[in-house]
Amino acid sequence: MIDFRSDTVTQPTEAMRLAMSRAEVGDDVYGDDPTVNNLQDMAADMFGFDAALFVSSGTQANLLALMSHCERGDEYLCGQQAHNYKFEGGGAAVLGSIQPQPLNNQTDGSILLSDIEAAIKPDDVHFARTRLLSLENTIGGKVLRQDYLAQAQSLAFNRDLKIHLDGARVANAAVAQDIAIADITQYFDSVSICLSKGLCAPIGSILLGDERLIGKATRWRKMLGGGMRQAGIIAAAAKLALTDQVDRLVDDHHNAKALALLLAEMPEFTVDANLVQTNMVFATLADDINPKMLAASLADKGIIISPSRQLRLVTHKDISANDIKVFVNTLKQLMG
Ligand SMILES: *Cc1c(COP(=O)(O)O)cnc(C)c1O
């Protein structure tokens, strides 16, 4: 099967399976799991933070960050398209009593600094207390510019806000710019990173912050049922995600670009290959093609896509350069 739905479908590597079978473990709720501790120390060190917390998912990492920065009645500023606004079940509001203040995302994924400034509420009993700015990088496969991050950080600092990065795919953003992940995370008070997407770990995300933030997050994680016991089993694979899988992302980016260029030559698709910066290709299907029927015909040939007129095709470890050719040839056959 060639699966373009998401990089979340990646299978763990053989090295990961071996490391998992051999992992030294303990009860992580007591802080006794040496493999989890090692992963957390390694991540904090790699990304320039005091502390790190291994958690079950990116959604949990973001929720813990929001709940640790904000109190009941506080608000966070984020993009309309932000995962931690739009795709996390309203968790901050439901579980944290924290109000989101979504703002327009520009086509490059950024939020205008002037929109951020204008949304910061005055200290007045009528308003929620604006506490946090949350950005996302990559967002919809797009990389936020480094100078924008620096400007957002100084805005946050000057207006007494904390700044969080949903860095589910921050490794893709770093590889796309040929810089270290730490060059991006340096602008933030906290960062969440998914290890289970392009980095191929089976389970897990990392939350980074200072000791105080991670202390609070550890308490909330336990309350939310995310305190895990012999979690070293999965942390062993997560370590290899950070050490062995980051540089490989460049292949995913090449494959995405190649796919976009090939689709752009076909009349059935509208694609701007220049917009492809990382591992996502967005393509619009021509009106006379039924997305569900296309997905069903492709499935018969062992190719999986999420049916939509606005296709999102994601490249990852388990899609090779040759698989891109197979996919495009299959499309040509079906559309012949
Ligand atoms: C996938 C994703 C998350 C959530 O991660 P899960 O592990 O699926 O909960 C958060 N933010 C972004 C930008 C994501 O792409």
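Values in this text are rule-based calculations from the coordinates and carry no lab data. Here the structure is a predicted model, which is why all the values come from computation and not from measurement. Positions of Cβ are backbone-derived with ideal geometry, glycine not excepted, and every protein chain shown enters the neighbour counts.
In terms of other Cβ atoms within 10 Å, Tyr76, Tyr187 run from fewest to most in the order Tyr187, Tyr76. Based on DSSP H segments of at least four residues, each scored -39500 (n - 2.57), the chain has a per-residue ellipticity at 222 nm of -13000 deg cm²/dmol. The local environment of Gln106, defined by Cβ-Cβ distances under 14 Å, has a net charge of -1 under the rule Lys, Arg +1 and Asp, Glu -1.
Helix 321-335 and the longest principal axis of the C-alpha atoms of the chain enclose an angle of approximately 60°.
Between Asp178 and Glu117, the modelled label-to-label distance comes to 3.5 nm, taking each label 7 Å out from Cα in the direction of the beta carbon. Restricting region 7-109 to trypsin sites (Lys or Arg not before Pro) that sit in a DSSP loop and have at most 15 other Cβ atoms within 10 Å of their own Cβ leaves Arg72. Given their separation in residues at 0.36 nm each and the Cα-Cα distance between them, Met223 and Ala264 gain 9.9 nm when the chain is fully extended. Computed extension length for His126-Asp300: 56.9 nm, one decimal, from 0.36 nm per residue of separation with the Cα-Cα distance subtracted. Spatial offset of region 65-90 relative to region 45-62 amounts to 17 Å, using the alpha carbon center of each.
Think of the chain as a dipole: +1 on every Lys or Arg Cβ, -1 on every Asp or Glu Cβ, centred on the Cα centre; then among Trp220, Thr330, Leu165, Thr330 lies furthest on the positive end. Computed over the Cα atoms of the chain, pair by distinct pair, the Kirkwood hydrodynamic radius stands at 20.8 angstrom. Residue-normalised convex hull volume from the C-alpha trace of region 73-112: 48 Å³ per residue.
Helix 34-47 axis versus longest C-alpha principal axis of the chain: approximately 80°, rounded to the nearest ten. Here the spin labels are modelled as points 7 Å beyond Cα on the Cα-Cβ line, and at Leu334 and Ala150 they lie 4.6 nm apart.
Using a cut-off of 14 Å between beta-carbons, work out the net charge of the residues near Asn38 (Lys and Arg +1, Asp and Glu -1, Asn38 not included).
In short, -4.
Extension gain, Ala93 to Ser21, is 22.0 nm, computed as 0.36 nm per intervening residue step minus the present C-alpha separation. Here Gln81 and Arg212 are evaluated by their C-beta separation; at R0 = 41 Å the FRET efficiency comes out at 0.85. In degrees, nearest 10, range 0 to 90: what is the angle between the Cα axis of helix 232-244 and the longest Cα principal axis of the chain? Rounded to the nearest ten degrees, it is 70.
Near Leu95, within a Cβ-to-Cβ distance under 13 Å, what is the net charge of the other residues, with Lys and Arg +1 and Asp and Glu -1?
+1
Quick one: work out the % antiparallel among DSSP beta bridges in region 8-244, nearest 5. In region 8-244, approximately 35 percent of DSSP beta bridges are antiparallel ones.
Quick one: putting +1 on the C-beta of Lys and Arg, -1 on the C-beta of Asp and Glu, what dipole do you get for the chain around its Cα centre, in Debye to the nearest 20?
Taking the Cα centre of the chain as origin, the dipole is about 660 debye.
An oblate overall shape is assigned to region 116-268, the ratio a/c of its alpha-carbon gyration tensor axes (a ≥ b ≥ c) being 1.5 or greater and a/b not exceeding b/c.
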